[in-house]
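Notes for the one structure printed next.
The values are calculated or read from the model by the stated rules, or taken from the named source; none is laboratory data. Just so it is clear, the model here is predicted, and its values are computed rather than measured. Counting neighbours? That spans all protein chains shown, and the Cβs are built from the backbone with ideal geometry, glycine included. We work out accessible area using only protein heavy atoms, side chains counted, and drop any ligands, DNA or RNA first. Shrake-Rupley method; radii C 1.70, N 1.55, O 1.52, S 1.80 Å.
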Amino acid sequence: MLKKIGTNAFANCSSLTDMILPDGLEVLNDFALKGCPQLGVDYLPESITTIGADVFYENANMLDDVVLPNLTGHLGGGAFAKTNIKRVLDLGNITGTGVSSVYWPTNNGAGTFAGCVELELLVLPPSLTSIQHALAAGCTALKAVVVKATTPPTLGNDCFLNTNNCHIYVPDASVTAYREASGWSRYASMIKPLSQLATDNPSLYEEISEYL
């Protein structure tokens, strides 16, 4: 059983159109499927625990919803950047996203979801403690970010650059902490209590309530 796809394994395979990622797959190392613009990925096994840097970078035929309940550790910078994903619903128990040594837009792989122009919803888990630069920079369709961590994670630069009318929903008891936290304070006007999502967008809340 295949459990790992190695670094650069299929990187820049411009003619690759189809790949079935098998159940039981656990690790996608850095750049494993980077730069495969015709590759269709319509299934991500829930067995995946690790996704490195730029794994799906610039893959234009991704599935709509990302649900990876067994992810752990650090989700790589650029892992889903410039893809056509629409909703990120479950990132397991990751503790961090992105990389600290690069900066959007000088390196488009800096932000884990940077440049995902169809991304509408991003749900981040309670285990998260660190968000590096440009998390969702350039995600112009992004309407809601749900951060379930009660303590505000450290936040890098430009994480929500050019996200237009996005709202950030956090645990009700943590609203003040987020609005006053370093990095987060620049987005204070966007931060709302999570309970308000049901009022702001009842249809979305009903669809995703199991992930909140």
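With a ≥ b ≥ c the root eigenvalues of the C-alpha gyration tensor of the range 127-212, is it rounded (a/c under 1.5), prolate (a/b larger than b/c) or oblate?
Judged from the Cα gyration tensor, the range 127-212 comes out oblate (a/c at least 1.5, b/c at or above a/b).
Roughly how many percent of the accessible protein surface of the range 6-133 is carbon and sulfur, given a 1.4 Å probe and a whole-percent answer?
49
For a quick check: with amide H placed at 1.01 Å from N, whose amide H comes under 5 Å from Lys192's, ignoring anything fewer than 5 positions away on the same chain?
For Lys192, the qualifying residues are Ile168, Tyr169, Val170.
Just to confirm, what accessible area per residue do you get for the range 70-202 at 1.4 Å probe, in whole Å²?
37
Show log10 I(q)/I(0) for the chain at q = 0.08, 0.10, 0.14, 0.15 Å⁻¹, two decimals, from a solvent-free Debye sum over equal Cα scatterers.
-0.25, -0.39, -0.77, -0.89
What order, most packed first, do the peptides 35-47, 151-163, 7-19, 69-81 have when packing is the mean number of other Cβ atoms within 10 Å of each residue?
Sorting 35-47, 151-163, 7-19, 69-81 by mean packing, highest first, produces 69-81, 151-163, 35-47, 7-19.
Mind listing the phi-derived Karplus ³J(HN,Hα) values for the range 131-142, rounded to whole Hz, using 6.51, -1.76 and 1.60 with θ = phi - 60°, and x for any glycine or proline?
Listing the rounded values in order: 10, 8, 4, 6, 2, 10, 4, x, 8, 5, 9, 5 Hz.
When the Cα centres of the range 167-188 and the range 1-31 are compared, how far apart do they sit, in Å?
Distance between centres, Cα-based: 37 Å.
P(r) for the range 52-163: what percent of alpha-carbon pairs falls in each 10 Å bin, starting at zero?
Going from the shortest bin to the longest, the percentages are 17, 55, 27, 0.
Specify the residue with the greatest mean-square fluctuation among Ala144, Ala136, Ala188, computed from a Gaussian network of the chain linking alpha-carbon atoms under 10 Å apart.
Greatest mean-square fluctuation among the candidates belongs to Ala188.
Take the residue pairs Lys148/Lys192; Lys3/Lys34; Lys3/Lys86; Lys3/Lys148; Lys34/Lys82 and return only those whose Cα atoms are more than 20 Å apart.
Correct reply: Lys3/Lys86; Lys3/Lys148.
Give me the dipole magnitude in Debye, nearest 20, for the chain about the Cα centre, with unit charges on the beta carbon: positive for Lys and Arg, negative for Asp and Glu.
560
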